[in-house]
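Here the structure comes first, spelled out in structure tokens, and everything after it is commentary.
The values are calculated or read from the model by the stated rules, or taken from the named source; none is laboratory data. Everything numeric in this text was worked out from a predicted model, so none of it was measured. Because the Cβ atoms are built from the backbone with ideal geometry, glycine has one as well, and the counts that use them run over all protein chains shown.
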Amino acid sequence: MNSKVRGRRERRGLPGFSGGLLLLCFWAAVAPAQAPRDISREYKEACDRLICQCGCNEQLSVCAMQNCSSATPMRAEIRERLQKGDMVDPIVDSFVTRFGKKVLSAPTTKGFDLSAWIMPFVILCLGLVVVVWIAVRMARPAGAAVEQTPPAVDPRVEEELKEFEKESGC
Amino acid sequence: MSNFGAFCLLLALCLSLYGLFASLLGAILKQHRIVRSAERAAIASCASILLSLAALLYLLATSDFSVAHVAQSTNRELPVFYKLAALWGAHDGSMLLWVFVTAVFSGIVVLQNRFRYRDMMPYVVAVLMFNLSFFLILNLFLSNPFNELVQVLPDGTMHKFSPQDGRGLNPLLQYWAMIIHPPILYLGFIGFVVPFAFAIAALITRQLGDTWIRTTRRWTLITWLFLGVGLILGGKWAYVELGWGGYWGWDPVENSSLMPWLTGTAFLHSVIVQERKGMLKVWNVLLVVITYLLGIFGTFITRSGIINSVHAFADSKLGVFFLYYMLLVLGGSLFLIIDRLPYLKSERRLDSVLSRESAFLFNNLLLLVACFAVLWGTMFPVLSNWVEGTKITVGPPFFNSVGIPIGLMLLFLTGVGPLFAWRKTSVESLRRAFLWPMAPALLVCIALLVSGMRSFYSLVSFTLCMFVLVTIAQEFWKGTRVRVRNTGENFALAMVNLTLKNKRRYGGYVVHLSIVLMFVGLTGNAFNRQTSQAMVPGDEMQIGRYTLKMTDYRDGDSPNYQYGRVTLEVYRGGKLIRTMQPEKRFYKASDGQSTTEVALYSKPLEDLYVVFAGVSNDGKRYEITAHLNPLVWWVWFGAAVMVVGTLITLLPDRRISFATAQLSAAEAAAVETGVQAK
């Protein structure tokens, strides 16, 4: 019973889906002819992800050398390919094929490069564990007397703390 | 004059070596007179380096191109102040500046402590002179700024040679901020040698209480301020002079300046815990050593050529010496710390994990992790080269992805820290303390969401900025209200006096405020826009609310450079608001190197930043790039507030007694008024 109902629904849905697909194809065919695609965001993204090869070691979006022998043709190629409808990833990949990984402005997420990304967070996690451990270890056991502190230092700190608390109204 | 300069450097080296050995000998033999002579040698060494510096400045000002440094970094038509600034325009001269600042700091320390800390001072002087001698040796024998040019003739004989004109100063350095940026940065880098020297002296003499901390607190703060200001000035220079629309490019040399600043910030916080609670002693000594070493590491990066950078001098001869020096210092310091561990035990224990002490611990952790992330990213190309044989680039996308979450966590702690009480905080009091700052922060978050902002990090950043802002305001409000109640002062006066009475605490809050303001500016980066267009007079381009109309193009000539200047009228809502004139300059010396002179219209809400990128290949159109950078203004404003905050914490103690005297009078008046009213 249920499968029949579902089957009917699916059959009913099909003409609508095909119509939508047709419309989409029509739009895809017509839209580029009507208005050029706004590629500014993709262009910036691609330029940010690539390094100029003139030796300045800057991103393509940053190299400010006039008529730079590397940045100018690279930018032109990116713009042209984006206008033709290419996506950012294949464009970047093609530059990597041509120049190697050094053309990328950040390490990849494969192999040894992955360690670049994860190491700071590994250190953060390890640090958190250590700090929590230190804090717990250094913390006075519950119920321990506060007077354990050296009496020579205590009154001075106490006085300062009181003054602080008084001032801040805590 | 060049011989005189070199002789003075040699004399300074002899004096500093004498200072090093005499101070150690004096300490071992307990001969006060020998120690005094070592201190005098330190001051004489400083004077000798001053003479050497004056000699090089004279050679620069008089364009004596027989000296290699002068010929490489100046030309005849260079304005005099840039000629003098060329002192640090090349590697050897900048090393002389480094040596000079080190010597001056050493001299000041000796003079300041003539009658104090007599047990520690011989070792302090020894460490300072050891540091100075190392740099003097490098400066004299490996990068001498007084080296003269020689010409080798076909028959193999050598003659002195003086070219008609010099190669000129790098045009990118011909900007006002560059005149003060390197010296200020050097003051920041080098200043950490003083706390380091006191820490080592404290370790040697086993005087590991608060003395060395209290003595060096002011030095650390001043040094930290210089480093911060140096970083900001560098950012300002990059923003205005490089023409790419940004102020921080995560360049290895920029990173190497940021790292000691981060560890210095950690030290300034953790030192409070040691002063108040006698805790974190090992940690503080370690932090000082790390910070000092990171300063040396920055110089190593700049001068070793190990990493590509726009700032690097790339003189690979020096790298290996820096490496050995750093290893020696690290090894020696670690040995001393381990040997003196029994003297570095905490005097107290934590009363609770929920306390301000713990907040400081977490703050230190995050600052150190931030420093590690920067170091890791900076050195990863070298590591990758070792491991895989490929030198990859680690640029802004990496640093932004890793740094933003850590930065936001730090911002959160900036707000949370003051909400914790010393010793112990109950959950209930925390809940109460969080209530006020959280409410407006959430309101900001909701308002931004409703207004269409969808950038996750931007939302978090603005929300946290409001949270921290309210926390700081709450601290001032609470303290001032108590003071108004107690003294009868008006609110503004009470706030000023409250700050002056406890400069360190409230000055610190002002610095926190500056961090919030800078975060507002940094967050604006997420909304930067940029557009480029090849224009001819009469053309218009649109960016955001602004319409730029090109009206003119002119070529021009000055003694130092030729330029092309575009004139653009800026309209907003159809109304002319400004005329902007971005320039492209071609320097006659420096092999015709070009620079962009940005036209900037800066407002708190956004910067309109226009660059004349050059003339198109057909020579008929002018390439204009316009950037719309929201909220950048707050970065510079925040930096100014940071300076004010740090200066408040640095105000001399005499002001306290003055403020206290004023308070007493006011209190008396209040009491009197109260009595009369009754």
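Overview of results
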item	result
Residue that is surrounded by the most Cβ atoms within 10 Å (Cβ to Cβ), among those in region B:369-401 that are aliphatic (A, V, I, L, M), under 21 Å from the mean Cα position of the chain (by Cα) and facing chain A (nearest Cβ under 7 Å)	B:373
Candidates B:211, B:215, B:263, filtered to the one that is among the β-branched types (Val, Ile, Thr), in the same structural domain as residue B:355 (by TED's automatic domain parsing), under 25 Å from residue B:363 (Cα atoms) and surrounded by 24 or more Cβ atoms within 10 Å (Cβ to Cβ)	B:263
Residue in region B:520-533 that is in contact with a Cys (Cβ under 8 Å, 6 or more places away or on another chain) and closer than 24 Å to residue B:637 by Cα present	yes
Options B:375, B:366; residue that is modelled with pLDDT of 90 or more, part of a helix (DSSP H, G or I), hydrophobic (A, V, I, L, M, F, W, C) and within 22 Å of residue B:193 (Cβ to Cβ)	B:375
Region B:103-162: number of residues that are surrounded by fewer than 19 Cβ atoms within 10 Å (Cβ to Cβ) and β-branched (Val, Ile, Thr)	6
Residue tally, condition β-branched (Val, Ile, Thr), buried (at least 19 other Cβ atoms within 10 Å of the Cβ) and in a helix (DSSP H, G or I), over region B:35-93	3
Residue B:215 polar (S, T, N, Q) and free of Cβ contacts under 8 Å to residues at least 60 places away in the same chain	no
All positions within region B:549-592 that are out of contact with any helix residue (DSSP H, G or I) (no Cβ under 8 Å at 6 or more places or on another chain), crowded, with 16+ Cβ neighbours inside 10 Å, over 17 Å from residue B:622 (Cα atoms) and not aliphatic (A, V, I, L, M)	B:560, B:571, B:588
Candidate set from region A:64-75 (those that are surrounded by fewer than 23 Cβ atoms within 10 Å (Cβ to Cβ) and at pLDDT 80 or above); member that is nearest to residue B:596 (Cα to Cα)	A:68
Check on residue B:547, among the polar types (S, T, N, Q) and assigned to a helix (DSSP H, G or I)	no
Any hit, region B:52-70, residues being modelled with pLDDT of 90 or more, closer than 30 Å to residue B:123 by Cβ and in contact with a Gly (Cβ under 9 Å, 6 or more places away or on another chain)	yes
Test set (1) closer than 22 Å to residue B:524 by Cβ; (2) hydrophobic (A, V, I, L, M, F, W, C); (3) assigned to a helix (DSSP H, G or I) - residue B:416 fails condition number	(1)
Among (1) facing chain A (nearest Cβ under 7 Å); (2) over 30 Å from residue A:132 (Cα atoms) - the single one residue B:352 does not satisfy	(2)
Identity of the residue in region B:324-349, away from chain A (no Cβ under 14 Å) and of a type in the set (D, E, K, R), that ends up surrounded by the most Cβ atoms within 10 Å (Cβ to Cβ)	B:340
Qualifying residue in region B:435-448 (condition: assigned to a helix (DSSP H, G or I), within 12 Å of chain A (Cβ to nearest Cβ) and surrounded by 15 or more Cβ atoms within 10 Å (Cβ to Cβ))	no
